[in-house]
1. Working carefully through the options 108, 62, find the one that is touching a residue at least 60 places away in the same chain (Cβ under 8 Å), within 22 Å of residue 286 (Cβ to Cβ) and either in contact with a Ser or Thr (Cβ under 9 Å, 6 or more places away or on another chain) or not small (Gly, Ala, Ser) (or both).
2. I'd like the full set of residues that are of a type in the set (S, T, N, Q) and at pLDDT 95 or above, limited to the stretch 97-112.
3. Determine which single condition residue 284 fails, assuming it passes every other condition in (1) under 19 Å from residue 151 (Cβ atoms); (2) touching a helix residue (DSSP H, G or I) at 6+ places or on another chain (Cβ under 9 Å).
4. For residues in the stretch 237-271 being of a type in the set (S, T, N, Q) and in a loop (DSSP other than H, G, I, E, B), which is surrounded by the most Cβ atoms within 10 Å (Cβ to Cβ)?
5. So residue 118 passes all but one of these: (1) modelled with pLDDT of 95 or more; (2) at negative phi. Which condition number does it fail?
6. With the checklist (1) more than 24 Å from residue 1 (Cα to Cα); (2) in a helix (DSSP H, G or I); (3) in contact with a Phe, Trp or Tyr (Cβ under 9 Å, 6 or more places away or on another chain) in hand, flag the one item residue 77 doesn't pass.
7. With the checklist (1) more than 20 Å from residue 157 (Cβ to Cβ); (2) crowded, with 23+ Cβ neighbours inside 10 Å; (3) touching a Leu at 6+ places or on another chain (Cβ under 7 Å); (4) in contact (Cβ under 8 Å) with a residue 40 or more places away in the chain in hand, flag the one item residue 77 doesn't pass.
8. State yes or no: is residue 52 surrounded by fewer than 23 Cβ atoms within 10 Å (Cβ to Cβ), of a type outside the set (Ser, Thr, Tyr) and touching a strand residue (DSSP E or B) at 6+ places or on another chain (Cβ under 6 Å)?
Amino acid sequence: MHVNAHSHTFQRALRSEGGDFWAWRESMLELASAQTPTRVRTEYEGTYREMLAGGYSVVGEFHYLGLDEARAAAEAAAAAGIELVLLLAAYARGGIERSRQSSPAAYFRQVEQLRAEGIRVGLAPHSVRACPREWLEAIGRYRDEHDLVLHVHADEQPREIEECLAEHGVPPIELLHATGCLGPRTTVVHATHATERELDLLGETGSRICICPTTEADLGDGFAPILGAHVRGIGICIGSDANLSVDPRDELRELDWIARRQALRRAVFSPEALKRIGADEGAASLGIA
């Protein structure tokens, strides 16, 4: 069975036409605002059952909808029979009000509360847009102190990079490195527009990349640097992200084809390598290897 290392399950219901990523994001945030524990409990179970039927046995739920909704997601996963890692998002600014915490300490209290209830939890600073430098530093330390996994969106969009350069003077993955967030327990989601230097940092620190090819294609994000990651020995896993597809074969096929187009040859990945990407790397990304 395969591992889905990055899912925003509520987005399965999202259908929007035209526009760029930022126009789509407005529709997504509107949908996020409409979520309730009851809706999450019902709709997530249905989507998790679809994931199981498609070939996923584990899902990393990147969650920024509130604590009660997190509990509902865990209930839905248990009912569907899929293993869940709840990647609880840290959100200092932006997004919607229900996503945000008042401080890193408030965020850590939420993490500890869910863990005490028996939910497997990972840390998830949403992005460098959502978390200022001091939050990233605190979350990096907390990861090390508590031996948790850390997932974070980075380098998905050029505008995101431009804003990070304006605020911090470095692109997102370099900022994550400077704040202590990279490392073997860290997975950077997308990394679509990562620089050569940023890829070097991921390789040097043993960090992973989670590629979500069907969502990245749908949103017009660009082509993930799959070949660049592969030649550096960076671990790659897959995610369904917005859940246009819940079939891991779709993600792996597109990932393989992107690598072929970047390398200008066939057979960049062996069948065995694709199996590792679809299963072992995802499990390690979620701390269940």
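The values are calculated or read from the model by the stated rules, or taken from the named source; none is laboratory data. What you see is a predicted model, and the numbers here were worked out from it, not measured in a lab. Positions of Cβ are backbone-derived with ideal geometry, glycine not excepted, and every protein chain shown enters the neighbour counts.
1. Testing whether each residue is touching a residue at least 60 places away in the same chain (Cβ under 8 Å), within 22 Å of residue 286 (Cβ to Cβ) and either in contact with a Ser or Thr (Cβ under 9 Å, 6 or more places away or on another chain) or not small (Gly, Ala, Ser) (or both) leaves just 62.
2. Residues satisfying the conditions are 101, 102, 103, 110.
3. (2)
4. 240
5. It fails just one condition, (2).
6. Of everything listed in (1) more than 24 Å from residue 1 (Cα to Cα); (2) in a helix (DSSP H, G or I); (3) in contact with a Phe, Trp or Tyr (Cβ under 9 Å, 6 or more places away or on another chain), residue 77 misses just condition (1).
7. (4)
8. no
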